[in-house]
Amino acid sequence: MKKMLATLMALGLALSLAACSTSSGSSAAANSNNSSATSDTASGSDKVWLVATDTVFVPFEYTDEQGNFVGIDVDILAAIAEDQGFQYEMNSIGWDGAVAAVQTGQADAIMAGASIKQERIESGWIFSDGYYTATQTIAVPEDSDIASFEDLRGTSVAVKNGTAGADYAESLKDEYGFTITYFDDSPTMYQDVIIGNSSACFEDTPVMLAYIKQKGIALKVPEGLESEGSPYALAIMNEDNQEFLDLFNAGLANIKANGTYDEIIAKYLE
Amino acid sequence: MLRIIQIYGTMMVAAMGQTLLLALLSLFFACLLGLFFGLLSTVRNRACNIIGAVYVDAIRGWPLIVLAYFVYFGIPMLIQGLGFKSFRMDSLQAGVIALSLNCGAYMAEIIRAGIQSVDKGQMEAARSLGLSYGKSMFKVVLPQAIRTMIPSIINQFIITLKDTSILSVIGFPELTNTTKNVSANVGLPMQAWLLCGLMYMVVIIILSKASKNIERRINRGR
Amino acid sequence: MAGNVKIHVSNLVKRFGDLEVLKDISMDVTEGEVVVLLGPSGSGKSTFLRCLNRLETPSGGQILIDGHDMTDKHTDLNKVRENIGMVFQHFNLFNHLTVMQNLTLAPVETKKATRAEAEATGRKYLEKVGLLDKANAYPSQLSGGQKQRVAIARALCMHPDIMLFDEPTSALDPEMVGEVLSVMQQLARDGMTMVVVTHEIGFAREVASRVVFMDGGYIVEQGTPEEVILHPKEPRTIDFLSKVL
């Protein structure tokens, strides 16, 4: 029943994927039969791994001023693939689309700043080793005097659906007595704080700092309110793709050891 | 899907409650707006007709999502700009305003068409007996217009109920927004959205069955 | 015939866009008079009638009903209309209401009567038009002749001094014309001031105190039925009557 449902929905999804995938490198033919590939038929050298990702999640993935799709996720995956010698194709189809693509077998893995969550593991997601640990914090209007979570009491805060920032806000809301408004995208979330409907927004610290700096918006990040942080990882759902997870973990260890990893992080977060 | 129901079932039912709250409040105000602007388009006064037509054209020309963003962000900005710095509008208020304006335009058209479907002689007969325009409209024309309007009104109600999902973009915690949240949290979008769709469908089927009953009862009374 | 002037019309003009339907009509109707308007279709009879209670807005001229200037902005038209009953070609009964509700709506809504009084009046006039047994029927359950008799009763319930009839029998099957005309005849006998647009020459001959022949937006000829119908002088009247009779 579960399988049938997934297959049915995959049909519909395949159409939308075809429409918005940004092909990078390999032919579309690889797309059609990858979901049935098992670990013994796919040798490390000729299998093209399909990795789905978000469209805009600065600085992990976004399109730069020159129109290139760049970001920490993009560079780390490229470095790992080079180190391990596997082929891959990265499709930027948005967070929801990426999650659905992996669930229905249209993509092998998702790499989109996905945090390792107990709920997701229980739903059948299998995570790689964490490749980046992001802390979460709040941003408030430049002229705001909010300096602690206590100052949020009785107000409403803005978060983005399904982010670690949302989890952080949820973990604090009962203790500090604020309510949460959920938005789809970062610009709307920030706008809600600027206009004053929400007193603050919760988001990954590097993401928020990069965004505020890049766009020059009238928000500031109060000091000392960061979470402990949650690790970002690549995730698969189909156990047959464990091979890819192993390749990824091995490559990640190598690029951390040889300094490539630090270079990438420095490139985006300096 | 069972897991979602287990963990998030009550949350999604509560969100459906918010959806219904938003829809019913909006429908109420949309009826008032629709009646007002529908009447403006039918009276024998050029200026009134133009005001009625402008409202309908302006609102129908705006996608609801744009209207929602505009009301939620644009209006507070405007009012704050006028000096009322502490002015705030929550997403329920903005949602009701946007949805009422939107649905009101369609209701105005339904009501205008309904009124015009009633034979002119009905109004003339009522006026010739000394009844005012308002009394003639509310006692004679509208009760007859309602009959032809009901199927369109039910249809519009259903559309509006589904349109509440668009208000998820301004953060209103209705069913669609909550499902986005649930879907992202558990990482099972297929199941979450299927459940969400089924919930809308069940509520809409119940509501349209109920409206069909009302329709039948009104038509029996002739 | 030297009673009060109930209707005074002077130099009435009515235009629909470029089309001039009424060109300078003047006429007085005194209390108790039964004026029948004859004329070919398009001659402006109905428009003239509809101007009298301001269902049409005159383009020029003056209309006084019981001394109330119907072309004056400050006149309370609703109040004056309470005293002018009108019967339409297509009956225009309120289809969503029963016969009794049709009769009581206006008296109750205009605060002329309580519901009980209005119903008593309603029964009186239903009896007069011979339809007391239809009090609880809906218009859709009545024949054309019955509908028109109810419409007359509905107008009478407001106790008007003047009754306007706009081709009251034109939409009826021939066998139903008689029942409506006899109700109108009864009304005339009771002394009601009436202005009737009709093609029923027989009715005009028997009941009218004055016959007015209109054509092309003008009054061509008027006088007693004897003068206008039996001995017309104007060629257009003669031509019209030769076609109708």
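The values are calculated or read from the model by the stated rules, or taken from the named source; none is laboratory data. Only a predicted model underlies this, so the values are computations on that prediction, with no experimental measurement involved. No Cβ is skipped: glycine too gets one built from the backbone with ideal geometry, and neighbour counts run over all protein chains shown.
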Inset, instruction - Six or more apart or on different chains, Cβ under 7 Å: which pairs go from a residue in segment A:234-247 that's touching a residue at least 40 places away in the same chain (Cβ under 8 Å) and among the β-branched types (Val, Ile, Thr) to one that's crowded, with 22+ Cβ neighbours inside 10 Å and not in a helix (DSSP H, G or I)? Could you list them? - result: A:Ile236/A:Asp108; A:Ile236/A:Ala109
Legend entry - Pairs where the first residue, in segment A:193-220, is part of a helix (DSSP H, G or I) and the second is at pLDDT 90 or above and surrounded by 18 or more Cβ atoms within 10 Å (Cβ to Cβ), C-beta under 6 Å, 6+ apart: A:Val193/A:Ala158; A:Val193/A:Cys201; A:Thr205/A:Thr137; A:Met208/A:Ala139; A:Ile212/A:Leu219
Inset, instruction - Could you check how many residues of segment B:192-222 are among the aromatic types (Phe, Trp, Tyr) and within 14 Å of chain A (Cβ to nearest Cβ)? - result: 1
Legend entry - Criterion violated by A:Ser198 - all others in (1) small (Gly, Ala, Ser); (2) under 18 Å from the mean Cα position of the chain (by Cα); (3) within 13 Å of chain B (Cβ to nearest Cβ) satisfied: (2)
Legend entry - Exclusive hit being in a loop (DSSP other than H, G, I, E, B) and away from every other protein chain (no Cβ under 14 Å), set A:Glu226, A:Glu175: A:Glu226
Legend entry - Boolean, A:Gly97 is surrounded by 19 or more Cβ atoms within 10 Å (Cβ to Cβ), assigned by TED's automatic domain parsing to the domain that holds A:Gln242 and at pLDDT 90 or above: no
Legend entry - Residue check for C:Glu167: within 13 Å of another protein chain (Cβ to nearest Cβ) and touching a Lys or Arg at 6+ places or on another chain (Cβ under 9 Å): yes
Legend entry - Within segment C:67-124, considering residues that are among the charged types (D, E, K, R) and in contact (Cβ under 8 Å) with a residue 24 or more places away in the chain, the one farthest from the other protein chains (Cβ to nearest Cβ): C:Lys112
Inset, instruction - Return yes or no: is A:Ile80 in contact with a strand residue (DSSP E or B) (Cβ under 8 Å, 6 or more places away or on another chain) and within 15 Å of A:Tyr232 (Cβ to Cβ)? - result: no
Legend entry - Of residues in segment B:156-173 being among the small types (Gly, Ala, Ser) and part of a helix (DSSP H, G or I), the one farthest from the other protein chains (Cβ to nearest Cβ): B:Ser165
Inset, instruction - Being at negative phi, in a loop (DSSP other than H, G, I, E, B) and more than 14 Å from chain B (Cβ to nearest Cβ) is the filter here, so list the residues in segment A:229-258 that pass it. - result: A:Asn258
Legend entry - Number of the exception - A:Gln106 against (1) within 14 Å of chain B (Cβ to nearest Cβ); (2) at pLDDT 90 or above; (3) not in a strand (DSSP E or B): (2)
Inset, instruction - Starting from segment B:174-191, keep only residues that are facing another protein chain (nearest Cβ under 7 Å), then list their pairs with residues that are of a type in the set (Phe, Trp, Tyr) and surrounded by fewer than 24 Cβ atoms within 10 Å (Cβ to Cβ) whose Cβ atoms are within a distance under 6 Å, requiring at least 6 positions of separation or different chains. - result: B:Asn177/A:Tyr182; B:Asn181/A:Tyr182; B:Gly187/A:Trp125
Inset, instruction - Give, as residue ranges, the helices (runs of 4 or more DSSP H) completely inside segment C:152-245 that count at least 3 residues that are touching a Phe, Trp or Tyr at 6+ places or on another chain (Cβ under 8 Å). - result: C:174-189, C:235-244
Inset, instruction - Among residues belonging to segment C:195-245 that are more than 22 Å from C:Leu181 (Cα to Cα) and small (Gly, Ala, Ser), point out the one that is surrounded by the most Cβ atoms within 10 Å (Cβ to Cβ). - result: C:Gly217
Legend entry - Candidate set from segment B:120-141 (those that are in contact (Cβ under 8 Å) with a residue 24 or more places away in the chain and at the interface with chain C (Cβ under 10 Å from one of its Cβ atoms)); member that is nearest to C:Pro139 (Cα to Cα): B:Val141
Inset, instruction - Please state which of the following conditions C:Leu64 fails to meet, knowing it meets all the rest: (1) away from chain B (no Cβ under 14 Å); (2) surrounded by fewer than 17 Cβ atoms within 10 Å (Cβ to Cβ). - result: (2)
Inset, instruction - Out of B:Gly52, B:Gly95, B:Gly104, B:Gly9, report the one residue that is surrounded by 21 or more Cβ atoms within 10 Å (Cβ to Cβ) and over 18 Å from B:Phe157 (Cα atoms). - result: B:Gly52
